[in-house]
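Okay, structure first, notes after.
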Amino acid sequence: MSDAVIVERDGPVALVRLNLPSKRNALVPELVMALTAVLDALAVDRCVRALVLTGNGGAFCAGGDMGSMDGDDPLGVTAMMRACQGIVRRLVSLPKPVVAAVEGAAFGAGFSIALACDLVVVEPGSRFCAAFGKVGLMPDLGLLWSLPQRVPMGRARELLMLCEVLGGEAALAERVADILAPEGGVLAAAMARAMRLADASPGTVAAVKSALAAWPQGLGELLRAEEVGQAMLMATADHGAARAAFFAKGTVRFEGR
């Protein structure tokens, strides 16, 4: 198993660390393969109820690997793009909440990966930039989808075209980020929020993520998704326990069943 990605456990929360600090956790093939394998394993691990994604060495993720961007090898570029896109697909479709703990830079595809998570925690020294234009490329890994969900379309155009850098405080003010932690406290804040999410109803979290992943859908499609999802959730043991606790004026511990 590659040490490009390290997984630590704290009860129901898995802490996933990108661990190529010499490359500022850029998306080199080794890291992409390791992170893909980790996400697949955690998706089916019933002991894990929430994830925190962060980067070692003072950077979240510096983005794509310039060394693998060979315009003379379009098939190779396409294969690498699809592998990287698989990470975003997994983060968005994972039936468990994912909190991004952004220390340092989340540039280019690193920005995309952070916004593919459900919540983004930053500190004042965090930095976001859709830096694609600086190397003559277009935003990728879903950033054209995820950023307009957080900021108005006009502002998204500016950030995507002008490569403006947002610090942690500005990211919070513009709702690119959700929580601002004190300097050095981003990981603790992210773990605390992940612990809260781990206590939530797993079925509810999965259903919300699934519905939002289809954004923007029409009202008709959304209502049909509600019909299917709600019927499935009402048949779960978690809902039965919560319903009994409601009438007994008690509390419930969700077990993911």
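What about residue 147, is it in contact with a strand residue (DSSP E or B) (Cβ under 6 Å, 6 or more places away or on another chain) and part of a helix (DSSP H, G or I)? It is false that residue 147 is in contact with a strand residue (DSSP E or B) (Cβ under 6 Å, 6 or more places away or on another chain) and part of a helix (DSSP H, G or I).
Sort out for me the helices (runs of 4 or more DSSP H) sitting completely within the stretch 168-228 that have 1 or more residues that are surrounded by fewer than 16 Cβ atoms within 10 Å (Cβ to Cβ), touching a helix residue (DSSP H, G or I) at 6+ places or on another chain (Cβ under 8 Å) and polar (S, T, N, Q). Ranges flagged: 202-213.
Looking at the stretch 236-246, is at least one residue assigned by TED's automatic domain parsing to the domain that holds residue 136, more than 18 Å from residue 52 (Cβ to Cβ), assigned to a loop (DSSP other than H, G, I, E, B) and among the β-branched types (Val, Ile, Thr)? Looking through the stretch 236-246, none of the residues is assigned by TED's automatic domain parsing to the domain that holds residue 136, more than 18 Å from residue 52 (Cβ to Cβ), assigned to a loop (DSSP other than H, G, I, E, B) and among the β-branched types (Val, Ile, Thr).
When restricted to residues that are within 19 Å of residue 81 (Cα to Cα) and buried (at least 21 other Cβ atoms within 10 Å of the Cβ), the stretch 6-31 contains 5. I'd like to verify a number: residues in the stretch 78-135 that are in a loop (DSSP other than H, G, I, E, B) and either surrounded by fewer than 24 Cβ atoms within 10 Å (Cβ to Cβ) or touching a residue at least 40 places away in the same chain (Cβ under 8 Å) (or both), how many? Residues in the stretch 78-135 being in a loop (DSSP other than H, G, I, E, B) and either surrounded by fewer than 24 Cβ atoms within 10 Å (Cβ to Cβ) or touching a residue at least 40 places away in the same chain (Cβ under 8 Å) (or both): 13 in total.
State whether the residues of the stretch 229-247 include one that is in contact with a Gly (Cβ under 7 Å, 6 or more places away or on another chain) and among the small types (Gly, Ala, Ser). Looking through the stretch 229-247, none of the residues is in contact with a Gly (Cβ under 7 Å, 6 or more places away or on another chain) and among the small types (Gly, Ala, Ser).
Among the residues of the stretch 159-170, are any under 15 Å from the mean Cα position of the chain (by Cα) and either at pLDDT below 95 or in the same structural domain as residue 44 (by TED's automatic domain parsing) (or both)?
Checking the stretch 159-170: not a single residue is under 15 Å from the mean Cα position of the chain (by Cα) and either at pLDDT below 95 or in the same structural domain as residue 44 (by TED's automatic domain parsing) (or both).
Among the residues making up the stretch 32-46, those that are at pLDDT 95 or above and out of contact with any helix residue (DSSP H, G or I) (no Cβ under 8 Å at 6 or more places or on another chain) are 34, 37, 38, 41, 42, 44, 45.
The values are calculated or read from the model by the stated rules, or taken from the named source; none is laboratory data. What you are looking at is a predicted structure, and each value in this text was computed from that prediction instead of being measured. For neighbour counting, all protein chains shown are included, and Cβ atoms are generated from backbone atoms with ideal geometry for every residue, glycine included.
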